[in-house]
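Here the structure is laid out as structure tokens; the discussion comes afterwards.
The values are calculated or read from the model by the stated rules, or taken from the named source; none is laboratory data. Computed from a prediction, not measured in an experiment: that's the story for all the values here. With ideal geometry, Cβ positions are generated from the backbone for all residues, glycine too; neighbour counts draw on all protein chains shown. For accessibility, only protein heavy atoms count, side chains too; no ligands or nucleic acids. Shrake-Rupley method; radii C 1.70, N 1.55, O 1.52, S 1.80 Å.
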Amino acid sequence: MHEENKTAANGCGKIRSGAQNGAALLALMEKTGYSMVQQNGQRKFGGPPPGWEGPPPPRGCEVFVGKIPRDMYEDELVPVFERAGKIYELRLMMEFSGKFIGVCVSLDNCRLFIGAIPKDKKKEEILNEMKKVTEGVVDVIVYPNATDKTKNRGFAFVEYESHRAAAMARRRLIPGTFQPWGHTIQVDWADPEKVVDEETMQRVKVLYVRNLMISTTEDKIKAEFNKFKPGVVERVKKLRDYAFVHFFHREDAVAAMSVMNGKCIDGASIEVTLAKPVNKESSWKQHFNGQISPSSENLLGFPNKEDGTQKSLAKPASLSVRLNGQHSPGSPEVERSTYPFFPGIKLTPISMYSLKLNHFSSAVMHLDYFCHKNSWAPPEYCLYSTTSQDGKILLVYRVLISSIADDSQSYFMPEKLCTTVEDAKELAAQYTLLHL
């Protein structure tokens, strides 16, 4: 954005200072009651406007306007656009040079996250309950508890026939207005499923196997998947109650998926699907609809995809670098920049748990958010130390996760040591997230 001491010309050819420009924008906000927020490369006016009720406008209500003079700002643009009707949201795109660019992105999210569900409720019960109070329910996705397959994990995803139906359901299910089974639930948008193009999926030869028993070993899984055709499985990687089964050939993976889906292994009925490849430019893994940054791969010492060697502990970027939004190409799109605080801007107290996961850039915050979503107690960190051969103090945290609902406890401790407390805590949180 323009620095405060720079000047800009308005649409009539007059030169106005940065202070005058800020005053004009402040006057616009006071007059209209709209809020104005600056984000990466854009400034958002409204969305929603004051007094707005109901879901956002449906698809087809947004237009792109190009060739806007570079010296025009919201105080001049809003009156022009309002001639056509009430503005829901105006996004002004710009480069640091002041050049405007046009971008239109639309996302139809049809899935809601429902948390704090009683763990004894079955899929059919949750589905029926959602259908009683909301319209357009297509399906309910429920995950069995990792240690007790007769219970759910305390949350579910509800799929609706359209984004509008999901938006209306979200309003209907606001906590306090609806209490299924006499229980207060949590409602939020679920992060959209990662979309992989069909051409890429046609090359996949890895299966994702869910709902395994904690006690089931990788060797047992490999043996079970080799039964229908000996020697087709290359390797198995198991993480808690799910696993990835790698095949030498795609046709064997597809055949195994058809044969093994719904089969019982150690008493658990498994679900088998093709694994979705992870983009090398995105995060290493998505867990519970949340992102863990690529530094997790470095910190946890996962093998290098190219040569199989182990990566060393990553040193976190300095605070000044992170605040200026300078990320590595693979980092998730997390807003880390600072923006001007215009005089008179209204601030509203909020809870961190009302935010989306992409507002958190550290695994420590992700883990806290994750526990809250599942109605668990906050994670407890216990610090341990040892001394390296060259005399350095090395640190590691053990994390305790406690379920308030059933009094169960789980401990997680990474197999790597760190030289700083901050790295040790971040590593422990990342490790815990990957194994929950």
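All Cα-Cα separations within the range 198-274 were binned at 5 Å from zero, giving a P(r) of 3, 18, 32, 28, 13, 5, 1, 0, each value a whole percent of the pairs. Computed from Cα atoms alone, the Kirkwood hydrodynamic radius reported for the range 355-435 is 13.3 Å. For the range 198-274, build the charge dipole from Cβ charges (+1 Lys, Arg; -1 Asp, Glu) around the Cα centre, then report which of V272, T217, L207 sits farthest towards its positive end. Result: T217, furthest along the dipole toward the positive end. The slack in the chain from F157 to A24, taken as 0.36 nm per residue of separation less the alpha-carbon distance, amounts to 43.4 nm.
Of the peptides 76-89, 351-364, 56-69, 207-220, the ranking by mean beta-carbon count within 10 Å, highest at the top, reads 207-220, 351-364, 76-89, 56-69.
Between the range 206-237 and the range 19-34, the alpha-carbon centres lie 62 Å apart. For T420, the accessible area of its heavy atoms, probed at 1.4 Å with every protein chain present, is near 50 square angstrom. Gain on full extension, evaluated as 0.36 nm per residue between T419 and C264 minus their Cα-Cα distance, stands at 51.3 nm. The charge dipole of the range 198-274, taken about the Cα centre with unit charges on the Cβ atoms of Lys, Arg (+1) and Asp, Glu (-1), comes to about 140 debye, rounded to the nearest 20. Taking the Cα centre of the range 355-435 as origin and assigning +1 to Lys and Arg Cβ atoms and -1 to Asp and Glu Cβ atoms, the resulting dipole is close to 140 debye.
Ordered from highest to lowest accessible area with the whole protein assembly present and a 1.4 Å probe, V254, V158, V142 read as V254, V142, V158.
Using a cut-off of 27 Å between Cα atoms, the listed pairs K123/K276; K227/K276; K227/K416; K220/K425; K119/K222; K205/K263 include K227/K416; K220/K425; K119/K222 as exceeding that distance.
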